[in-house]
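To start, the structure under review is shown below, and the notes come after it.
Since every read-out is calculated from the coordinates, none of them should be taken as a lab result. Just so it is clear, the structure is predicted and the values come from calculations on it, not from any experiment. When we count neighbours, we look across all protein chains shown, and the Cβ atoms used for this are built from the backbone with ideal geometry, even at glycine.
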Amino acid sequence: METNVLNPIPEKEFERLMELSELDLDYSDLDDQFKDLTKLAAKIAGTAISLINLIDTFTQWSIAHYGLPIDQMPREKSVCQYTIVGDDPLEVEDLSADERFNKFDYVTEDPNLRYYYGIPLTTKDGNNIGALCVLDDDQKNLTPEKIEMLKIIATEIVGRLSAYKALNTLKDELEEAKESQRKLSHDIRGPLGGIIGVADLIKEQGEKKDVDDILELINLIKQGGQSLLELADDVLSSSNTEEMRSPKSNEFNLYTLKDKLEQLYIPQAKAKYIDLTIVNESENAEIPFPKNKILQILGNIISNAIKFTPDGGMVMVRQEFNLNKESDTAKLLFSIKDTGVGISSGKIEEILNENAQSTSGTKGESGYGFGLPLVKHLIDKLDGNLHINSIEGEGTLFKVTLPIK
């Protein structure tokens with residue numbers, strides 16, 4: 001573990017971030033699955049507030065909350081960043097008396113928080129991906145029995161997250177099965193069409209020879225083949241074409257992805273008066289594609305761009321879906337351009353080799369050194385490409401290419 005009291009980093013930070021990214025979560029779409037547990041935790045602890053927080057490279061995401069309507073905050077301003085560096089719960093009896101937290105807005109201003117108790121959300125591989133915490137504006141005294149019940153809730157949270165991942169994996173497998181069904185219907189249409197064509201030809205020849213028995217048999221063949229062809233058409237139409245159907249729960253299209261990125265990251269941009277703009281540049285914007293780590297990839301790049309862009313700057317995200325119907329291939333193209341401080345050529349090489357070290361942002365935001373190497377790792381796993389062009393003092397352009405099945 002890093003010993004810097006103002007920038008605590010778990011010992012296995014990259015492994016921790018990798019396991020969190022493997023869950024492939026939409027941080028803004030989990031409250032319904034977990035809000036019952038935050039309410040239960042608050043009632044057990046006797047506190048006004050309870051949060052379930054997941055912590056990625058730059059941000060603490062409150063995926064469920066009770067008593068405090070908060071969705072996210074910078075990681076370096078959170079208390080839970082200290083909880084995840086150890087295996088034991090963290091208790092802060094008075095936040096206003098602790099130099100790590102006494103200058104934060106939520107301590108000096110409304111809701112004037114004082115008490116904090118956090119329990120790490122530890123996976124079966126031993127990584128703390130976040131914390132369950134209870135907070136109050138008055139000091140509390142949790143009994144051992146209450147603490148044990150809070151630990152049980154924390155275990156349940158991790159179990160539900162794992163189940164959520166398993167369910168999404170099952171959905172992906174079902175979608176693959178439907179895709180196989182679609183391909184099968186295509187494959188059988190050709191041979192069936194050929195059978196019907198041959199039947200027509202034999203029928204014409206048979207009529208000339210006036211062979212009634214043969215014609216009757218040929219008509220039966222034709223009728224059976226036509227029925228199978230209609231069945232194949234029904235199967236094909238039920239699976240529908242990619243262009244006509246709406247995205248399923250495990251998919252985006254460029255429109256829904258744009259909406260999600262704006263929902264998650266415009267609050268971060270507004271905090272620094274940065275103009276974050278996301279545009280679609282594709283005639284295929286309605287075609288669905290698998291979510292598959294796209295939020296994790298783009299989210300880390302956008303957060304990094306915001307972090308290294310001075311107040312009043314700009315971050316522009318362009319999205320494109322490139323579909324080649326002749327070769328039956330598709331790819332997603334993303335460009336993220338900022339007006340930030342830029343990246344040196346040596347730093348770019350470190351990032352592309354997944355060896356980058358931590359640096360601080362334009363307003364002193366803490367750096368954790370794993371965001372862009374994690375992005376490179378995720379892109380490589382998807383057989384994609386990452387290109388970085390930068391001019392120090394002027395800004396950086398990230399280009400991401402991801403092949404799509």
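Tell me, what is the percent relative contact order of segment 251-404, built from C-alpha pairs under 8 Å that lie six or more residues apart? Could you put the intermediate results ahead of the total?
On the way: 308 pairs, mean separation 36.4, N = 154.
This gives 24 percent for segment 251-404.
Counting every alpha-carbon pair across segment 13-142, the share separated by more than 20 Å comes to 40%. Using only alpha carbons, segment 91-182 has a radius of gyration to Kirkwood radius ratio (Rg to Rh) of 1.23.
Which entries in the list K248/K381; K12/K165; K146/K381; K178/K381; K12/K272 go over 32 Å, if you measure between the two C-alpha atoms of each? Table pairs above 32 Å Cα-Cα are K146/K381.
Find the all-direction average of the projected area of the Cα convex hull for segment 72-136, expressing the result in square nanometres with one decimal place. Could you put the intermediate results ahead of the total?
Working: hull surface 17.3 nm².
The Cα convex hull of segment 72-136, projected and averaged over all directions, gives 4.3 nm².
If you wrap segment 251-404 in the convex hull of its Cα atoms and look at it from every side, the mean projected area works out to 8.6 nm².
Remark: spin-label model distance K399-E148 equals 6.1 nm, labels positioned 7 Å along the Cα→Cβ axis.
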